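Presented below is the structure to which this report refers.
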Amino acid sequence: MKLIPTTVVGSYPQPDWLVDRALLSKGVPRVNLHELWRIPAEHLREAQDDATRLAIGDMVRAGIDIITDGEIRRESYSNYFVSALEGIDLDHPAVITNTVGRKTEVPRVFAPIRRRNAVTLRDLNFLRAHVTEADCKIKITLPGPFTMAQQAGGEFYQDKEEMAMAFAQAANAEALDLQAAGATVIQIDEPWLRNDPQAARRFAVKAINRALEGVTVTTVVHLCFGYAAVVPGQKPTGYAFLTELADSVAQQISIECAQPVLELGMLKDLSNKTILLGVIDLGSPRIESGEQIAQRIRNGLKHVSAERLIAAPDCGMKYLPREVAFGKLKALAEGAAMVRAELTGGVG
């Protein structure tokens, strides 16, 4: 892989003809939201496949090195996987209340959490079949066990740690199947590490390590401060839980940096990890120039060696207009190429 490769975090905008984007803009679904889809159920899979081809094509045309399927088939990054597990009551959701008093329907766990069959294996195989560029690596993403437990309710498990470990076992079975099928990179999404850092310190790394047990391909943990479209405004300049991930088995850590103007000094404590540095601000509809992206990468290089840095968006891009997302990805590739040329004297 070239120096300072580029990647996406996971999602890419779903077309307006596929989903009701006005409904999507109201939040991140934790339970099934069938009314999100504009296509009748009997034609939905074909439509999702067509939209996935478009997403893959956009990433390749933009010059991205490590791509996903855009998570086009998912209503959200988490409910797609969770809803497919045994032990989840899809008809009677639980309700949780966040720190500002907002109530949200979430999966209700009423029995042991088990994976009944592979959830994302077809998605991976579809992605592999439609990536013909030899230089592109493929990544598949799964919700992390800590986040899944934080987003679930019910009284079957005694505590969140026990629930998280059950989710971790299910995620591990999925990850091992994905590895066997040829996934190049497997990413675990853990944005909720920031919501309860005290609980995260108790068992998040333990759960993440269980989810990645036996996985020998490249692994990533992604954390952020939430989708910019859903969590607007100024974001913190530091993570309450980040450096603890040095003890995880994941080789790479993906962090949101562009929108929150993150203080990057803390990256010295992750010297054993490759860093996916968020250098695309998803809180702004403005498409950055290649030079702006290059400067953000240069700032990262003050704290991370070029051999350990991958350039990425802050988070998933699904809430952006497609033309904006594509423009930002092109700028990402251009900015990384600028810095790469500076480091190699124009070679590579």
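Each reported figure results from applying straightforward, stated rules to the coordinates on display, with no laboratory input. All values derive from a computational prediction rather than experimental measurement. Positions of Cβ are backbone-derived with ideal geometry, glycine not excepted, and every protein chain shown enters the neighbour counts.
Taking the Cα atoms of region 91-158, the ratio Rg/Rh between the radius of gyration and the Kirkwood radius comes to 1.14. Among ILE255, VAL109, TYR77, whose Cα projects farthest towards the positive end of the dipole of region 21-343, with charges put on the beta-carbon of Lys, Arg (+1) and Asp, Glu (-1)? Of the candidates, ILE255 comes out farthest on the positive side.
Ranked by the mean number of other Cβ atoms within 10 Å per residue, highest first, peptides 283-295, 180-192, 61-73 order as 61-73, 180-192, 283-295. Computed from the C-beta positions of SER25 and GLN251 and an R0 of 35 Å, the FRET efficiency is 0.50 to the nearest 0.05.
Taking the number of other C-beta atoms within 10 Å as the exposure measure, put TYR12, TYR319 in order starting with the fewest.
Values: TYR12 28, TYR319 19.
Fewest-to-most Cβ neighbours within 10 Å comes out as TYR319, TYR12.
Restricting attention to region 221-285, which GluC sites (Glu not before Pro) occupy a DSSP loop and are surrounded by at most 13 other Cβ atoms within 10 Å?
GLU263
A dipole drawn for the chain from +1 and -1 charges on Cβ atoms has a positive end, and of ALA62, ALA207, THR141 the residue lying farthest that way is ALA62. Most simply put, the chain has about 25% antiparallel DSSP beta bridges, counting only bridges with both residues inside it. Cβ-Cβ distance of ASP269 and VAL230, R₀ of 35 Å, FRET efficiency by 1/(1 + (r/R0)^6): the value works out to about 0.75.
With a Förster radius of 30 Å applied to the C-beta separation of ASN117 and MET1, the computed FRET efficiency comes to 0.40. Remark: region 21-343 carries a charge dipole of roughly 360 debye about the Cα centre, counting +1 on each Lys and Arg Cβ and -1 on each Asp and Glu Cβ. Note on the chain: with a GNM built from Cα contacts shorter than 10 Å, the maximum mean-square fluctuation among ASN32, ASN172, ASN125 falls on ASN125. Beyond 23 Å between alpha-carbons counts as too far, so tell me which of LYS26/LYS318; LYS235/LYS268; LYS235/LYS328; LYS206/LYS318 fall in that bin. Over 23 Å apart, Cα to Cα: LYS206/LYS318. Which label belongs to the value computed from this structure, given these candidates for Rg and Dmax of the Cα atoms in Å: (1) 18.9, 60; (2) 19.6, 63; (3) 25.3, 81? Answer by label: (1). When you filter the GluC sites (Glu not before Pro) in region 142-215 for DSSP loop state and at most 16 other Cβ atoms inside 10 Å of their Cβ, you are left with GLU155, GLU213. Between ARG298 and ALA173, the modelled label-to-label distance comes to 5.1 nm, taking each label 7 Å out from Cα in the direction of the beta carbon.
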